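Below is one structure; the comments refer to it alone.
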Amino acid sequence: MLSVAVHKDIAEYQPKVVGKMTGRTLASIAGALGCSVLTGLYIYFVLGWNVGDNMMLIYAVSLPFWCCGFIRPKGMPFEQFAALWLKANFGVERIFYVPSMQLSGLIASPDGKNVKKGRVYGKHYRKQCSLKGIESYSPRAGHVIA
């Protein structure tokens, strides 16, 4: 039986700085250790508490740095995923239906604004047509406008 070795995708390659760690992981380790040491020093010298009794607090403070360096949700870097997640969950991205007679300027819109004469569609609608995915679907053309 024939077999062919499948190599990794070259786009997924990340240059290694030290050992098997990339610059991202080294920066996250440095940030986590620095944050842990500063938290321990603050607990010991400012608050006067025993550091050994408050290890969970130190772990909780350094955990975001570890997550940013080692967790890749959906195969994306953490900062890219976090930005998209925040935009999807807390952003307002609604596309409202506007009749084509109103877009073409044949009838006035309810808010009193008319589309400029000479333009078939307004700027906002043209911008929506440049979106990728179902937002760029054109009923007139019957397919996604690319």
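Modelled this way, with points 7 Å down the Cα-to-C-beta line, the labels at Ala83 and Tyr97 are 3.5 nm from one another. Residues Arg72, Arg94, ranked from the fewest to the most other C-beta atoms within 10 Å, line up as Arg94, Arg72.
Summing Lys and Arg as +1 and Asp and Glu as -1 over all other residues whose Cβ lies under 15 Å from the Cβ of Ile71 gives a net charge of +2.
Can you find, among Leu63, Tyr44, Leu86, the residue sitting farthest towards the positive end of the charge dipole of the range 16-90, where Lys and Arg contribute +1 and Asp and Glu -1 at Cβ? Going by the charge dipole, the pick is Leu86.
The order of Phe90, Phe81, going from fewest to most other C-beta atoms within 10 Å of their C-beta, is Phe90, Phe81.
What shape does the range 1-112 have by the C-alpha gyration tensor, where a ≥ b ≥ c are the square roots of the eigenvalues, rounded means a/c under 1.5, and otherwise prolate means a/b greater than b/c and oblate the rest? Don't jump to the answer; show the numbers that get you there.
Values: a/c = 4.28, a/b = 1.50, b/c = 2.85.
It comes out oblate by the Cα gyration axes.
Karplus-based coupling profile of the range 57-62, in residue order and whole Hz: 5, 5, 4, 5, 6, 8, with θ = phi - 60° in 6.51 cos²θ - 1.76 cosθ + 1.60 and x standing for Gly or Pro.
FYI, it's all coordinate maths here, none of it is from the lab. All values reported here derive from a predicted model rather than from experimental measurement. Positions of Cβ are generated from backbone atoms using ideal geometry, with glycine treated the same way; all protein chains shown enter the neighbour counts.
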